[in-house]
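Asker: Before anything else, here's the structure in question.
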Amino acid sequence: MKTVLCYGDSNTYGSSPMKPDGSWFRYGPDIRWPRRLASLLGPDWHVIEEGLPGRTTCHDNPFDGPHKNGLRHLPVALESHAPIDLIIVMLGTNDLKAFLGLTPPDIAKGLRSLLLQIRRSEASPDKGAPDVLVVAPVPIEECGPTAESLAGGAAKSRALASLFASLAEEFGARFFDAGSVATVSAEDGVHLTAEAHIAIADTIASRF
């Protein structure tokens, strides 16, 4: 059996679009893209969900806590779930938050830090680095209850796919632009609809 680790944020966790009052829920396993991917790949694959709402590539969040730092938690995830054949990394959306003040190249540097950490790991079955699939997150819109916190993020998000593709090539990783098959919800401009989860899972599964 081969193991796939899906490492991401709320759009890997399965958070629904946020309503004006701030309420949301977690999609069921029939919708969340990692669980749908598992069902499509079948019994020869073990797919692990490692999504955390608010997770950044490598930045602490002074409001929600340092555990939102993806680089800080990555070694734990790699060691606790090893051996891992493939890690799918879909991060960068939370790096767009206005209080961080990051540029698209800054966000790409965050992804580079993650890829370097994976390269140095011994988490694969042969004690080397697992294979990697870099997924550029779906571009956001500035609307709904998240608009103020993500001011200026929509334009930045549209620059990430090309930067992430270049990094994937540099590190010998696979690449997928989730924005090529999915869009965010018009309700909050950040989180994926059920249809988007399904489209992402179906596209990733077709590449195995």
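Every read-out reported here was derived from the displayed coordinates using simple, explicitly stated rules and does not represent laboratory data. What you see is a predicted model, and the numbers here were worked out from it, not measured in a lab. Ideal geometry is used to build each Cβ from the backbone, glycine not excepted, and the neighbour counts take in all protein chains shown.
Asker: Find the centroid of the Cα atoms in the stretch 162-208 and in the stretch 7-35, then give the distance between the two in whole Å.
Answerer: Result: 15 Å between the Cα centres.
Asker: Can you sort Met1, Met18, Met90 so the residue with the fewest Cβ neighbours within 10 Å comes first? Walk me through the numbers on the way to the answer.
Answerer: Details: Met1 7, Met18 20, Met90 25.
Ordered by Cβ neighbours within 10 Å, fewest first: Met1, Met18, Met90.
Asker: In whole Hz and in residue order, list the ³J(HN,Hα) couplings for the stretch 58-64 that follow from phi through the Karplus curve 6.51 cos²θ - 1.76 cosθ + 1.60, θ = phi - 60°; x for Gly and Pro.
Answerer: 8, 10, 6, 10, x, 9, 9
Asker: Where does each of His197, His67, His191 land when they are ranked from fewest to most other beta-carbon atoms within 10 angstrom?
Answerer: Going from sparsest to densest Cβ surroundings: His67, His197, His191.
Asker: Something else about it: Among Gly153, Ser206, Pro130, whose Cα lies farthest out toward the positive end of the dipole of the stretch 2-206, if unit charges sit on the beta carbon of Lys, Arg (+1) and Asp, Glu (-1)?
Answerer: Value computed over the given set: Pro130.
Asker: 7 Å from Cα along Cα→Cβ at both Val181 and Glu79: what's the point-to-point distance in nm?
Answerer: Distance between the two pseudo-spin positions: 3.4 nm.
Asker: Give me log10 I(q)/I(0) at q = 0.09, 0.14, 0.18 Å⁻¹ for the chain, Debye formula, one equal scatterer per alpha-carbon, no solvent.
Answerer: -0.30, -0.77, -1.33
Asker: What FRET efficiency do you get for Phe25 and Ala147 if R0 is 25 Å and r is their Cβ-Cβ distance, rounded to the nearest 0.05? Please report the intermediate quantities before stating the final value.
Answerer: Details: r = 21 Å, r/R0 = 0.83.
The value I calculate is 0.75.
Asker: Reachable lysines from Lys109, Cα under 27 Å, same-chain residues fewer than 8 places away excluded?
Answerer: Qualifying lysines at Cα under 27 Å: Lys68, Lys97, Lys127, Lys156.
Asker: So if I place +1 on the C-beta of Lys and Arg and -1 on the C-beta of Asp and Glu, and nothing else carries charge, what would the dipole magnitude of the stretch 47-113 be about its Cα centre? I want it in debye, nearest 20.
Answerer: The calculated dipole for the stretch 47-113 is roughly 220 debye.
Asker: Now for a different question. How high is the relative contact order of the chain? Use alpha-carbon pairs under 8 Å, at least six apart in sequence, and give a whole percent.
Answerer: For the chain, the relative contact order is 24 percent.
Asker: Net charge within 14 Å of Arg120 by Cβ-Cβ distance, Lys/Arg positive one each and Asp/Glu negative one each, not counting Arg120 itself? Spell out each step's value before the answer.
Answerer: Details: positive: Arg112, Arg119, Lys127; negative: Glu79, Glu122.
Counting the neighbours of Arg120, the net charge comes to +1.
Asker: Shifting gears a bit: What longest region of the chain stays clear of trypsin sites (Lys or Arg not before Pro) that DSSP places outside H, G, I, E and B and that have at most 12 other Cβ atoms within 10 Å? Please report the intermediate quantities before stating the final value.
Answerer: Details: sites that count: Lys127, Arg207.
In short, 1-126.
Asker: By count of other Cβ within 10 Å, fewest leading, how are Cys143, Cys58, Cys6 ordered?
Answerer: Ranked by crowding around the Cβ, least crowded first: Cys143, Cys58, Cys6.
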